[in-house]
Amino acid sequence: MPKTLKMMRYFRREVDLMRIEKARRIVELPPYLFAAIDKKKIEMRKKGMDLIDLGIGDPDLPTPRPIIERLRKAAENPTHHRYPSYEGMIDFRKAVSRWYERRFGIQLNPETEVLSLIGSKEGIAHIPLAFVNPGDIVLVPSPGYPVYRVSTLFAGGIPYFLPLRKENGFLPNFSEIPKEVAEKAKLLFINYPNNPTSAIAEKSFYEEVVAFANRYRVIVCHDAAYSEVAFDGFHPPSFMEVKGAKEVGIEFHSLSKTFNMTGWRIGFAVGHEEIVSGLGKVKTNVDSGVFQAIQEAGIEALDHFDTPLPEIIDIYEKRRDVLVKGLREVGLKVERPKATFYFWIEVPKGFNSAQFATLLIEQAGIVATPGNGFGDEGEGYIRMAITVDEARIKEAIERLKKIKF
Ligand SMILES: Cc1ncc(COP(=O)(O)O)c(C=O)c1O
């Protein structure tokens, strides 16, 4: 046999023998609880079922025209074709400061207290790498946006779950946290208006957060991704509005839900300059910032629209009212959300979250998210998102009326 052929066979055998082993941080990730419903969606679609998907928190409405136009023009500018700066264009950071001042009456130094993000998820996913050492505790709401838990685990941190319960307005109760846990905690994640419960927080709650953070030297990460999706004239406060907040925390914002820009990937973080620079340090090493033409479009959005943006909010309000009425008519227990496009619905007696979500998809073709996918405390709930048009919501209600639970 020619020598080269022999060698090729030898190497192929070596390759065959090589097992691809994933790192423990991936293997040990908590099971993906939405997998079952994703599988069910595929199965039902194959059967020809017309699904009404209320499972996804992704706006169905388009980005406002002037923002798209600004991107189109900015995309022609060759200076934007080069690497952006990791911390964001100073013009974008100045636009963030202007918006903060207009919206919350807060002054920020655009040089040191503002950072652009490739969507707020990116910042949330990276922040523990800047501040959490292996074995440190991170306080994570349950139910909650799953990235808080996973980013903690990726940094070697230990999530300690803070239950969000109905009787406490879905706010964490800090007095329930054991002292030895609080003493070991490095970060605290909070998120209002809240996904998935749609709960809101008043400034008095943020004052409690600041007091807790000072007492135990905990860095507060407030996820304000839904601060501009609020109804009936309500303008959710910023965590930064409370005295002492900027000394202990960082706030994550997103253009995704505010301006229907989920696909554009742009958000920002503001707060204590040491916390902002710590996150920035991680970013210099893992990404190269947001495409500058998108940052220009972001400037257009922040400078030229009032938020919460009435054109978007009016549509969600109408959808919300249709769904609240319909769900109550079929006997489901639900609060009228004051913010976010989510409905946090108690499952009827005799069901758990997964069973009820399965019943809805199998018998009515309605996709809802089982609450336990957001953490153990979400058991007993399902989440619906009003990111489909009013006609589809009405149809979903008609379908619900025909099934028994
Ligand atoms: C609570 C919460 N935070 C952050 C995000 C991330 O949003 P984005 O990365 O688009 O800014 C989401 C997205 O659904 C969310 O629900």
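The values are calculated or read from the model by the stated rules, or taken from the named source; none is laboratory data. Because the structure is a prediction, the values reported are computed rather than measured. Backbone-built Cβ (ideal geometry, glycine too); neighbour counts: all protein chains shown.
Quick check: anything in region 349-362 in a loop (DSSP other than H, G, I, E, B), of a type in the set (Lys, Arg) and in contact (Cβ under 8 Å) with a residue 40 or more places away in the chain? Spell out the reasoning first.
Our first condition is that a residue be in a loop (DSSP other than H, G, I, E, B); within region 349-362, this holds for 349-352.
Next, from what is left, pick out any that are of a type in the set (Lys, Arg): 349.
Applying the additional criterion that residues be in contact (Cβ under 8 Å) with a residue 40 or more places away in the chain yields none.
There is no residue in region 349-362 that is in a loop (DSSP other than H, G, I, E, B), of a type in the set (Lys, Arg) and in contact (Cβ under 8 Å) with a residue 40 or more places away in the chain.
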Any hit, region 289-301, residues being away from the ligand (no atom under 13 Å from the Cβ) and farther than 26 Å from Ile106 by Cα: yes
Odd one out for Ala269, checked against (1) among the small types (Gly, Ala, Ser); (2) away from the ligand (no atom under 15 Å from the Cβ); (3) not in a helix (DSSP H, G or I): (2)
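Taking region 372-386 as the search range and keeping residues that are under 11 Å from Phe343 (Cβ atoms) and in contact (Cβ under 8 Å) with a residue 60 or more places away in the chain, which one is surrounded by the fewest Cβ atoms within 10 Å (Cβ to Cβ)? Walk me through it before giving the result.
Pass one, region 372-386, residues under 11 Å from Phe343 (Cβ atoms): 381-386.
Filter again for in contact (Cβ under 8 Å) with a residue 60 or more places away in the chain, leaving 381, 383-386.
Details: Tyr381: 26, Arg383: 25, Met384: 27, Ala385: 23, Ile386: 27.
Ranking the qualifying residues of region 372-386, first place goes to Ala385.
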Number of positions in region 76-120 that are within 23 Å of Val229 (Cα to Cα), within 16 Å of the ligand (Cβ to nearest atom) and either exposed (fewer than 15 other Cβ atoms within 10 Å of the Cβ) or at pLDDT below 95 (or both): 0
Of all residues making up region 378-391, the number that are under 17 Å from Lys333 (Cα atoms) and either of a type in the set (D, E, K, R) or part of a helix (DSSP H, G or I) (or both): 3
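Quick check, is Asp314 of a type outside the set (A, V, I, L, M, F, W, C) and outside any helix (DSSP H, G or I)? Show your work before the answer.
Numbers: of a type outside the set (A, V, I, L, M, F, W, C): yes; outside any helix (DSSP H, G or I): no.
No, not satisfied.
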Matching entry among Val322, Val334, Val347 (being touching a helix residue (DSSP H, G or I) at 6+ places or on another chain (Cβ under 9 Å), farther than 28 Å from Ser256 by Cα and not basic (Lys, Arg)): Val347
Some residue of region 349-364 being under 26 Å from Glu202 (Cα atoms) and either surrounded by 18 or more Cβ atoms within 10 Å (Cβ to Cβ) or at pLDDT 95 or above (or both): no
Selected residue [part of a helix (DSSP H, G or I), under 24 Å from Arg383 (Cβ atoms) and within 23 Å of the chain's Cα centre (by Cα)] from Arg319, Arg328: Arg319
Number of positions in region 142-175 that are within 15 Å of the ligand (Cβ to nearest atom) and of a type in the set (Phe, Trp, Tyr): 3
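Filter region 121-133 for residues that are more than 16 Å from the ligand (Cβ to nearest atom) and touching a helix residue (DSSP H, G or I) at 6+ places or on another chain (Cβ under 7 Å); which is farthest from Lys281 (Cα to Cα)? First the steps, then the outcome.
Within region 121-133, the first condition is being more than 16 Å from the ligand (Cβ to nearest atom), and the residues that meet it are 129-133.
Applying the additional criterion that residues be touching a helix residue (DSSP H, G or I) at 6+ places or on another chain (Cβ under 7 Å) yields 129-132.
On the way: Leu129: 10, Ala130: 8, Phe131: 11, Val132: 14 Å.
Looking at the filtered set, the residue picked out is Val132.
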